[in-house]
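Following: one structure in structure tokens, then a few remarks.
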Amino acid sequence: MRMFRKPSARSPRWKIIAVSSSLLVAVGLPVALLGTSKAEPAPPAAVQPVASGALALPRIPWEGGPAYWNNFDKARAAGWSDPDFFPIVSWFGNFSSDAEVQYDKSLGINTYTGMWEGTPYHLFADNGVFWIGGKLNDSFADDSANWVGRFLDDEVDGRFAPAEGQAHLQTIVDGLPADGRFKYANFTQMVVGTDLDQRVAQQYVNGYTDVVSVDMYWYSIPYCDWRPYRDAYLVPVEQANCRTASSYGKIVEGLTQQDAADGQMQPRWQWVENLNGGPPEAPPTTYISPSQLKGAVVSSIINEARGLAYFNQSLGGSCQTANVFRQSQVTPEFCGNAQVEAVKEVNAQIHALASVINTQSYEYSFGAELDTMLKSHDGYAYVFAMIDGSSVPGDRTFTLPASVHGASAAVLGEGRTLTVDAAGRFRDSFAEEYSYHVYRVKID
């Protein structure tokens, strides 16, 4: 399959990596496994699914939620362990003034990676936003509190042979000081696929980082239209439902499987394009629509994305810009303004529900053809719901856990309330594949 690579700080060029199932590792490329545990400080061990909490249901394994950030002095001091904090990242979201940072904050952005090397540190500190990367210039100091993490590299799995990529990342890690900053890397879809040797994929995911992510832009690259179609993912993606929000959630689910392979968990972040995710050499299949964008984000959250990153560039087709957010700020008629407004809306929902999202989820199935996440918080059960990736839009029936006794379900943000029957069931409609609802039901 072909892999699309986004531009990095090292090179503004895009590359298309060609990978076939028979050539990637079957040609005898050496595999150098450089250890099996994540870099120190080690995250908490995965919590086993045992009956616990207000709902007396098994819990999913997780990294520890907001408390995870207490492992890293800079993140803890910056407030990342606050239950109301949820990291939302802009890639190459360059700014040069307080007004520009404040505009990004109004969209729900609180963190950046990839940035012009001349950016002064005080713009981060003065505006309460965070930097993940290297020392951009002399205005950054060892005690810069809003410099919380280090970005190791981008898509190493798609740019190097396995042994070379692993050695490259290990060299970077070995050269970093123990300064209280977490280590973060982003990978291509290869690490959640079946073409790459699973030992290699799991080493990439588990061997170097404290935070890991994958990018795959289902709505705006041609992959879903290829003939013959190849489903090469750990979590199957059917062609009929390939270009849907559910595929973003499946990427996170696959990343979680790989992350759990060493018995420890770290936060898994998800990338979503805010306009187009393809390279300039290939015409875009389409631009992500505002509703699709919101659905992709929520599908990622439902499947336990612990942070979000927006691919903030559009390098193909008729609506191009190197900084989608900045272009929307300065151009009233910008062709991507509707997508930026969708970013603002869905980010506001996430921040408003951060204290709920940041709790440990329960293992529970509400019914057929649903993709859901169940939480409990302050005496309420919260159900985040979409249709699954093997079905079509329409009505769905939910059956609540026996420990939830509320007679109604409030549909948050929609001004609706649904009746729960005596058997603990309620019914709702999902008009589109990207439709989502969040329900709140009294536990007692």
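The values are calculated or read from the model by the stated rules, or taken from the named source; none is laboratory data. Treat the numbers as computed from the prediction; the structure is a model and nothing was measured. No Cβ is skipped: glycine too gets one built from the backbone with ideal geometry, and neighbour counts run over all protein chains shown.
Summary of computed values
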| read-out | value |
| --- | --- |
| Options D126, D143, D84: the member that is out of contact with any Leu (no Cβ under 9 Å at 6 or more places or on another chain), among the acidic types (D, E), surrounded by fewer than 20 Cβ atoms within 10 Å (Cβ to Cβ) and outside any loop (DSSP other than H, G, I, E, B) | D126 |
| Which numbered condition R416 misses (of (1) loosely packed, with under 13 Cβ neighbours inside 10 Å; (2) charged (D, E, K, R); (3) under 28 Å from the mean Cα position of the chain (by Cα)) | (3) |
| Subset of the stretch 87-123 (residues that are assigned to a loop (DSSP other than H, G, I, E, B) and touching a helix residue (DSSP H, G or I) at 6+ places or on another chain (Cβ under 6 Å)) | G93, F95, L107, G108 |
| Per-region count, the stretch 87-123, residues of a type in the set (D, E) and loosely packed, with under 15 Cβ neighbours inside 10 Å | 2 |
| The listed residue being surrounded by 13 or more Cβ atoms within 10 Å (Cβ to Cβ), touching a residue at least 12 places away in the same chain (Cβ under 8 Å), on the phi > 0 side of the Ramachandran plot and outside the structural domain of A305 (by TED's automatic domain parsing), out of G379, G406, G394, G424 | G424 |
| Extreme residue, surrounded by the most Cβ atoms within 10 Å (Cβ to Cβ), among residues of the stretch 257-290 that are in a helix (DSSP H, G or I) and among the charged types (D, E, K, R) | D259 |
| Failed criterion for Y364 (all others in (1) closer than 22 Å to A305 by Cα; (2) crowded, with 21+ Cβ neighbours inside 10 Å; (3) of a type outside the set (D, E, K, R) hold) | (2) |
| Those residues of the stretch 291-319 which are more than 25 Å from M115 (Cβ to Cβ) and surrounded by 20 or more Cβ atoms within 10 Å (Cβ to Cβ), in sequence order | Q292, K294, G295, V298, S299, I301, I302, N303, E304 |
